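Accompanying notes for the structure given below.
The values are calculated or read from the model by the stated rules, or taken from the named source; none is laboratory data. As the structure is a prediction and not an experimental result, all values here were calculated from the model. So basically every Cβ, Gly included, is an ideal-geometry build from the backbone, and we count neighbours across all protein chains shown.
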């Protein structure tokens, strides 16, 4: 953790700028480097003040927050925490900002009084602290070279043995997921489940966005859904999701497990249930994120005979979750996010060939 975290607060509301600045200033090692009223000011002050972290409103007059995120990432990549409204349009804009490079987000509190801000104070401060550790500058400085040099996903895909692809992600996940789903082919004939750490109300927009950028059909999971080959289901935010056998069918069910899994939805909890029903017929993929969720689940997949891929440190915005999988000793390959789609296809083919022999 940096000894001092300098934060630029961006919001068109004077009230919100004051509230967020007061929250940040209440912590000894955080300093409000400055404030900005719109995206244009945010870009200019980022160049001038060189903050460690930026908190970014999205809905602002003139240059909005989304355009500001894109410009900052192209001119001086800086960790950004989006402070987003709950509205559907706000959720869609939040997903676009995360895809553009924002590290994480917190839902914007209701502003009728300070009492509505206080419940989000701990989460807000935690996200800012986490963002200060993100490797945004390293990720974006060579982004043009990485994108130009990546290989398109390809390879034969045959039907046969049922294989589940389970993907877990947290901070930086929407950007990583977009990179993967842009390249996955429509003929991928296996079921997929995405468990992305997000609060309720945002995962539907994430699924809609992923559905539009590639050939794979993506939608938010509903309680009671069955897995479908060629369809990716995104676990809804704010609740856990597991697989349960009901008669001859395996269905997705929502549940509220006690405190062992603080992140909702939990990657570990879903993977544990997946192993119960798919055994070693699972390809687990752990992407960028803070913490250790996904490590225990990956170990269960690995010990059952499945395969585990982890995003490499060089392309992870936050190398927490992938690192925990590697340190657990249960990863088959560490993979650049720009090669992850190709690696997923290769591993599915290899698994199917192994099951046929």
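The set of residues from the range 274-293 being surrounded by fewer than 20 Cβ atoms within 10 Å (Cβ to Cβ) and within 23 Å of residue 198 (Cα to Cα) comprises 291, 292. Looking only at the range 211-257, which residues are touching a strand residue (DSSP E or B) at 6+ places or on another chain (Cβ under 9 Å), within 15 Å of residue 269 (Cβ to Cβ) and assigned to a loop (DSSP other than H, G, I, E, B)? Scanning the range 211-257 gives 221, 235, 236, 237, 239, 256, 257.
Identification of strands (runs of 3 or more DSSP E) wholly contained in the range 1-89 with 2 or more residues that are crowded, with 24+ Cβ neighbours inside 10 Å and not assigned by TED's automatic domain parsing to the domain that holds residue 205 yields 5-10, 53-56, 80-84. In the range 192-210, which residue that is assigned to a helix (DSSP H, G or I) and out of contact with any strand residue (DSSP E or B) (no Cβ under 7 Å at 6 or more places or on another chain) is surrounded by the most Cβ atoms within 10 Å (Cβ to Cβ)? Ranking the candidates gives 205 first.
Screening the range 101-149 for helices (runs of 4 or more DSSP H) wholly inside it with 1 or more residues that are crowded, with 19+ Cβ neighbours inside 10 Å and modelled with pLDDT of 60 or more returns the ranges 121-132, 136-141.
All conditions but one from (1) part of a helix (DSSP H, G or I); (2) under 22 Å from the mean Cα position of the chain (by Cα); (3) modelled with pLDDT under 95 apply to residue 260; the one that does not is (1). Of the conditions (1) buried (at least 24 other Cβ atoms within 10 Å of the Cβ); (2) closer than 30 Å to residue 138 by Cα, residue 296 satisfies every one except a single condition; which number is it? Here residue 296 clears every test but (1). Would you check if residue 297 is touching a strand residue (DSSP E or B) at 6+ places or on another chain (Cβ under 8 Å) and under 16 Å from residue 195 (Cβ atoms)? Judged against the criteria, residue 297 is a match. Starting from residues that are at pLDDT below 95 and more than 16 Å from residue 135 (Cβ to Cβ), keep the ones in the range 306-329 and report whichever is surrounded by the fewest Cβ atoms within 10 Å (Cβ to Cβ). So, considering only residues that are at pLDDT below 95 and more than 16 Å from residue 135 (Cβ to Cβ), the one surrounded by the fewest Cβ atoms within 10 Å (Cβ to Cβ) is 329.
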